[in-house]
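Notes for the one structure printed next.
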Amino acid sequence: MPDSTLRLQFSNMKVMKFGGTSVGSAQRMKNMVALVAAEGNVMVVLSAMSGTTNSLIGISQSIKDDELANAKKQIDDLELKYKDTARELLSDSSLLKEANGKLDEIFSALRSYVEKPFGVKEEKEVVAFGEKLSTMLVSLYMKEKNLDSVLLDATEFMRLTPDGEPDQNFIKQNIKEVLQKDPGHKIYLTQGFICKNSDGEIDNLQRGGSDYTASLLGAAIPAEEIQIWTDIDGMHNNDPRFVEGTKPVSELHFEEAAELAYFGAKILHPTCVLPAKHANIPVRLLNTMEPEAVGTRIYNAEPTRKIKAVAAKDNITAIKIKSSHMLLAYGFLRKVFEIFEKYHTPIDMITTSEVGVSVTIDNERNLKQIVAELSELGNVTVDREMVIVCVVGDLEWQNRGFEAEVVNALKEIPVRMISYGGSNYNISLLIRKDDKIKALKLLSSHLF
Ligand code: ADP
Ligand code: ASP
Ligand code: MG
């Protein structure tokens with residue numbers, strides 16, 4: 001096939017990612033395959049069945065705690081669940097036999113971990129079984145339905161750099177090679193979440209990382225659209241787990257979606273919007289339980305002069321450094337930031353005054369060392385168990401009144417930090433964990 005034809009074929013491709021609930025039972029797998037079959041020319045990215053990644057983490061924990069009988073029991077239970085799912089999914093006896101053979105192989109591989117030394121590397125290998133299981137079953141069901149599909153091993157093209165970030169050049173080059181080796185199929189199916197690290201070992205893109213796989217692949221191909229199929233009809237204007245009566249937002253700008261994902265909207269992996277944004281590929285959030293619902297379209301949307309949604313990010317630590325030397329001193333902030341850089345700790349929010357600076361972090365791993373070094377620059381105070389509430393929308397500074405509305409909505413709640421003007425899209429406020437649900441509810445009732 002000439003190269004130009006190949007390019008055309010793959011650029012018309014859509015990426016369809018199905019999350020844990022969307023492949024959570026045999027019936028749901030059947031439903032998602034029907035959605036894929038109606039589309040054609042797609043790259044399908046699957047999560048593990050809901051609950052499986054948690055089970056695999058539980059099994060790993062039992063092995064680490066030397067509770068081996070417990071680990072074996074959990075593996076037996078998981079195997080039973082998969083054998084039941086296979087039986088319900090596949091009517092063709094030879095395909096069911098093939099599935100059971102593969103399940104025997106996978107579960108005997110899983111059992112072998114109970115007997116050997118177990119560390120971080122082994123845990124990552126164990127956690128990777130979830131996506132292998134779901135794609136194996138769905139691929140056999142697609143065969144049963146006579147669909148033209150090919151199962152691709154994500155670890156052949158999903159790779160991390162030595163810094164642990166997705167290696168976008170490697171991914172781009174390798175997905176193209178893999179597709180060009182076997183072009184012309186209607187459906188390419190692969191695992192979300194799993195990848196290899198720069199040493200060639202099995203790794204993953206962190207919890208919820210299948211969204212990230214979909215967006216990285218969409219950008220690499222490059223696809224026409226990235227669809228994230230889940231259990232809700234799009235990005236809601238507030239967190240539906242804590243606030244009643246939330247509504248889907250039909251359109252979001254890439255930046256708005258990126259802020260919401262990063263600041264706690266669980267429907268999207270924190271960084272999964274970025275590859276789509278850089279490649280300018282629209283992302284749609286859709287509901288497998290209600291496929292006709294419009295969902296949310298994320299693209300270079302026009303400004304709307306509206307506040308669109310609220311999200312909250314937990315487990316935040318605020319650090320304040322007060323120094324009399326900060327007044328009129330240049331270089332002070334650099335010294336502060338260098339300490340966080342040295343300990344590979346990203347800063348989420350920052351506010352300054354003449355005598356000090358407050359920053360927030362969500363990773364306390366090196367807090368002790370960071371505080372010790374910051375103490376050489378000034379007086380350090382730490383507030384733990386805080387939450388960032390992030391309000392997102394068309395918050396360009398000339399649009400009057402939005403920041404006042406947000407602050408006014410939260411007037412009953414003590415606010416530790418406010419950040420506004422860093423982008424045109426958000427206002428972030430730092431509050432106590434115990435005030436989170438009240439704050440989310442107040443924002444919904446005042447803003448929407
Ligand atoms: P999947 O398994 O398909 O990846 P997730 O559980 O990761 O699904 O994400 C979907 C869930 O995200 C929803 O069921 C909902 O509870 C939660 N969620 C949190 N914030 C939002 C929001 N702003 N809009 C929609 N869903 C949200
Ligand atoms: N299965 C993985 C998890 O549960 C990845 C995903 O679902 O996106 O985190
Ligand atoms: Mg998810």
### Query
If we keep just the residues of region 168-211 that are under 17 Å from the mean Cα position of the chain (by Cα) and open to solvent by 40 Å² or more (accessible area, probe 1.4 Å), which is farthest from ligand 2 (Cβ to nearest atom)?
168
### Query
Would you pick out the residues in region 423-448 that are without any contact (Cβ under 8 Å) to a residue 60 or more places away in the chain, under 19 Å from residue 348 (Cα atoms) and open to solvent by less than 80 Å² (accessible area, probe 1.4 Å)?
427, 429, 431
### Query
If only one of 228, 232, 171 is more than 13 Å from ligand 1 (Cβ to nearest atom) and either over 30 Å from residue 143 (Cα atoms) or not acidic (Asp, Glu) (or both), which one is it?
171
### Query
Name the residues in region 130-145 that are open to solvent by 20 Å² or more (accessible area, probe 1.4 Å) and within 19 Å of residue 108 (Cβ to Cβ), would you?
132
### Query
Mind checking which residues of region 92-120 are open to solvent by 80 Å² or more (accessible area, probe 1.4 Å) and either over 13 Å from residue 133 (Cα atoms) or touching an Asp or Glu at 6+ places or on another chain (Cβ under 6 Å) (or both)?
93, 97, 115, 116, 117, 120
### Task
Scan (1) closer than 20 Å to residue 202 by Cβ; (2) of a type outside the set (Ser, Thr, Tyr); (3) surrounded by 15 or more Cβ atoms within 10 Å (Cβ to Cβ) for the single condition residue 89 breaks and write down its number.
(1)
### Task
Could you tell me whether any residue of region 75-84 is of a type in the set (Lys, Arg), away from ligand 3 (no atom under 16 Å from the Cβ), in contact with a helix residue (DSSP H, G or I) (Cβ under 7 Å, 6 or more places away or on another chain) and open to solvent by 10 Å² or more (accessible area, probe 1.4 Å)?
yes
### Message
Just to be sure I understand, how many residues within region 176-202 are outside any loop (DSSP other than H, G, I, E, B) and away from ligand 3 (no atom under 16 Å from the Cβ)?
### Response
13
### Task
Just give me the residues in region 215-263 being charged (D, E, K, R), within 16 Å of ligand 3 (Cβ to nearest atom) and open to solvent by 60 Å² or more (accessible area, probe 1.4 Å), in sequence order.
231, 241
## Note on the structure
region 203-317: strands (runs of 3 or more DSSP E) wholly inside it with 2 or more residues that are farther than 25 Å from residue 443 by Cβ are 225-230, 283-287
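The values are calculated or read from the model by the stated rules, or taken from the named source; none is laboratory data. The model shown is predicted, which means the values in this text are computed figures rather than measured ones. Cβ sites come from the backbone with ideal geometry, for glycine too, and all protein chains shown count toward neighbours. In case anyone asks, the SASA skips ligands and DNA or RNA and just uses the protein heavy atoms, side chains included. Shrake-Rupley method; radii C 1.70, N 1.55, O 1.52, S 1.80 Å.
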